[in-house]
């Protein structure tokens, strides 16, 4: 089984992505860090139910990676927006064996004492125009959500809109069951809604 873990909001710069999230949610993000291999960096927001949100962008101070960046960030342009949702699993290899090769191959990553494996396609682009979830396996008990301040924010729904949304939903159905996730036919877009201390909020 796979479990909804976190979402990613991308921007052309980290400042732009962070500002976009803070304006929508009405709460500040916390400092994140830098990612080796893909040379990106992020800021973070703790969400209830062992989840979190990351604002992410290419790190201009880092060298060029020797492969395509995750979350299709090499092709990102325009206003900050919700670009990806990420699901965790206990055995990444076994989970990938049940899915098309387009979901990617495992990449070993670390930051500080955090260790994880992420399935990343060679071209950086996830299936269904990046509307399919990225898959992650956390190694050990360390997880960002347990280290982030809780500010009363909870994700209530994630709408995954795509022309082939029913096919994506059917592909994932044997692996996950989450009433918050809705698959809707339409132009590719992710939209998340939240409860916050300032009332309902939406990110798309």
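The values are calculated or read from the model by the stated rules, or taken from the named source; none is laboratory data. For clarity, every value in this text was computed on a predicted model and none was experimentally measured. In this analysis, Cβ positions are derived from the backbone assuming ideal geometry, glycine residues included, and neighbour counts consider all displayed protein chains.
Given the condition closer than 14 Å to residue 172 by Cα and either at pLDDT below 95 or in contact with a strand residue (DSSP E or B) (Cβ under 9 Å, 6 or more places away or on another chain) (or both), answer yes or no: does some residue in the range 101-118 qualify? Checked against the condition, which is being closer than 14 Å to residue 172 by Cα and either at pLDDT below 95 or in contact with a strand residue (DSSP E or B) (Cβ under 9 Å, 6 or more places away or on another chain) (or both), the range 101-118 yields at least one hit.
Every listed requirement among (1) loosely packed, with under 13 Cβ neighbours inside 10 Å; (2) within 26 Å of residue 162 (Cβ to Cβ); (3) touching a strand residue (DSSP E or B) at 6+ places or on another chain (Cβ under 9 Å) is met by residue 79 save one, (3). Hey, does the range 172-181 have a residue that's under 23 Å from residue 21 (Cα atoms) and surrounded by 13 or more Cβ atoms within 10 Å (Cβ to Cβ)? The answer is yes, given that some residue of the range 172-181 is under 23 Å from residue 21 (Cα atoms) and surrounded by 13 or more Cβ atoms within 10 Å (Cβ to Cβ). Against the list (1) surrounded by fewer than 19 Cβ atoms within 10 Å (Cβ to Cβ); (2) in contact with a strand residue (DSSP E or B) (Cβ under 8 Å, 6 or more places away or on another chain); (3) more than 27 Å from residue 18 (Cβ to Cβ), the condition residue 204 fails is (3).
When every residue of the range 159-174 is checked against the conditions, none turns out to be out of contact with any helix residue (DSSP H, G or I) (no Cβ under 8 Å at 6 or more places or on another chain) and either within 24 Å of residue 114 (Cβ to Cβ) or modelled with pLDDT under 95 (or both).
Here residue 125 meets each of (1) surrounded by fewer than 17 Cβ atoms within 10 Å (Cβ to Cβ); (2) within 17 Å of the chain's Cα centre (by Cα) with one exception, condition (1).
Results for (1) assigned to a strand (DSSP E or B); (2) without any contact (Cβ under 8 Å) to a residue 12 or more places away in the chain; (3) at positive phi; (4) surrounded by fewer than 21 Cβ atoms within 10 Å (Cβ to Cβ), shown as yes or no for each residue.
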{"site": "20", "(1), (2), (3), (4)": "no, no, no, yes"}
{"site": "24", "(1), (2), (3), (4)": "no, no, no, yes"}
{"site": "27", "(1), (2), (3), (4)": "no, no, no, yes"}
{"site": "32", "(1), (2), (3), (4)": "yes, no, no, no"}
{"site": "38", "(1), (2), (3), (4)": "no, no, no, no"}
{"site": "44", "(1), (2), (3), (4)": "yes, no, no, no"}
{"site": "49", "(1), (2), (3), (4)": "no, no, yes, yes"}
{"site": "52", "(1), (2), (3), (4)": "yes, no, no, no"}
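Residues that are more than 29 Å from residue 24 (Cα to Cα) number at least 1 in the following helices (runs of 4 or more DSSP H) confined to the range 74-178: 92-96, 165-172.
Scan the range 82-107 for residues that are in contact (Cβ under 8 Å) with a residue 40 or more places away in the chain, crowded, with 16+ Cβ neighbours inside 10 Å and under 17 Å from the mean Cα position of the chain (by Cα) and the total you get is 9. Taken over the range 129-142, the residue count meeting the criterion of being within 26 Å of residue 159 (Cα to Cα) and touching a strand residue (DSSP E or B) at 6+ places or on another chain (Cβ under 8 Å) is 8.
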